[in-house]
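Working notes, beginning with the structure itself.
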Amino acid sequence: MIQDFFILCSGADSELLKTCSKGEQNKYAGIGATVFFTAVMAFIASSYALYTVFDNVYAAIFFGFIWGLLIFNLDRFIVSTIKKRGNFGQEFLQAVPRIILAVIIAIVISKPLEMKIFEKEINQVLLEQKNELTLANKDQLALQYTPKVEQLNQDIARLKAEVATKEIETNALYDIYINEAEGTAGTKLLGKGPVYAEKREKHDASLAELQALKTTNAEKITGLESQIAALDTEYAEVVKNSQPIIDGFDGLMARITALDELPWLPSFFIFLLFLAIETSPIIAKLLAPKGEYDIKLDEEESVLSTWVDQKLAQRKLIASTDGEINQKIYEDLKGEEELYGYKKKKAEELLRLQADSFHNIQTKGLK
């Protein structure tokens, strides 16, 4: 039963193969087994690949099963259409398009399994890429906020500089009126005279202005610092909202790209393995000598071709003979006087009817 199933997978004529030797049946059962297990590998590989896309087991299994059936049908078609004619060069040319198709299928099958085999290494590469993307994302988003924050910091520095300048000016006035009181500068008269009082008033006025400036600038600085804090909060929120997109950067294309970052040799050998599996039925058909099944298949095809040629020749002969007979019959009928008189009588009746009809139409038009 298993052998019958694998023979079915090989695309061979099971009824014709039953008339062949056991060795011939085993050969085609082996080819069919290769076709079947290649389809199984395609199902597993595509299911994993689709799982990375849909993140749903049932959807991945369903579409993976469809893909496995497609690969099974293609492989079965490829193997069944290679005919053994005893001419290797002609057979190889016949198999070249199928070998190219087998290479494409091998690439499609092997890539998802490579991603599964090197999953840990791919995850490490993806982690590094995500970290780089996170830093780049922060830098890119910072470009939108940094100029605003820098401008606000400059405004704060300018307000603080105004206060510092006013303090220096006020302190200078303080030193002037103190020195005047001590007699070390100005009029150099010890005591609090009129000059001292004037200089004291200037200092007190400047001190009041300083206090007012400190109060005003402190309020402005508080407002600017609130704006900076709001911008920092907004920046942190934008970074937080964009981080899930970066965290989700592990789809099929990202994993294929990460796989390309790994050393190529292990992946290449895995590809060669699947290429050998995929092309093995074709190679087996090409290298195997022309067997009993191929001879009997050629015989059946030859019988069918001969039968079709005979039928076509018979139809051509029938058509030719029928044409000649008809030609002879009509030539004989040309000399029949009775037939001539009958056709003449009918033609006269038709002409009379046409004339009567034309006369009636014209008469009605005149009334």
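Here, each number is a calculation from the coordinates, and none is a lab measurement. Being a predicted model, the structure only gives us computed values, none of them experimental. Note: ideal-geometry Cβ built from the backbone for every residue, glycine included; neighbour counts use all protein chains shown.
Observations on the model:
- Length released on extending from K345 to S242, taking residue separation times 0.36 nm less the Cα-Cα span: 27.0 nm
- Our coupling estimate for segment 126-136, obtained by passing each phi through the Karplus curve with A = 6.51, B = -1.76, C = 1.60 and θ = phi - 60°, is 5, 4, 4, 5, 5, 4, 5, 5, 5, 5, 5 Hz, Gly and Pro reported as x.
- One Cα centroid belongs to segment 96-170, the other to segment 279-303; the line between them spans 60 Å.
- Per-selection Kirkwood Rh - the chain (Cα, Å, 1 d.p.): 32.5 Å
- Principal-axis tilt of helix 264-287 within the chain, Cα atoms, nearest 10 degrees: 0 degrees
- Segment 339-359 and segment 6-33 have Cα centres lying 76 Å from one another.
- Cβ-Cβ FRET estimate between K138 and D55, R0 fixed at 35 Å, reported to 0.05: 0.80
- Calculated P(r) tail over 18 Å for segment 1-64, as whole % of Cα pairs: 48 percent
- Residue with peak Gaussian network fluctuation, the chain [Cα springs, cutoff 10 Å], from V79, V308, V149: V308
- Virtual spin-label span in nm between E121 and V163, 7 Å along Cα→Cβ: 6.1 nm
- Of the residues K111, K344, K130, the one that moves most in a GNM of the chain with alpha-carbon contacts below 10 Å is K344.
- Gyration tensor (alpha-carbon) shape descriptor, segment 261-330, a/c threshold 1.5: oblate
- Restricting the calculation to Cα atoms, segment 292-333 shows an Rg/Rh of 1.44 when the hydrodynamic-style radius is the Kirkwood one.
- Among K202, K116, K290, residue whose mean-square fluctuation peaks in a GNM of the chain (springs only between Cα atoms under 10 Å): K202
- Phi angles across segment 220-229 convert, under the Karplus curve 6.51 cos²θ - 1.76 cosθ + 1.60 with θ = phi - 60°, into 3J(HN,Hα) values of 5, 5, 4, x, 5, 5, 5, 5, 5, 4 Hz, Gly and Pro given as x.
- Separation of the D204 and D4 label points, Cα + 7 Å toward Cβ, nm: 12.2 nm
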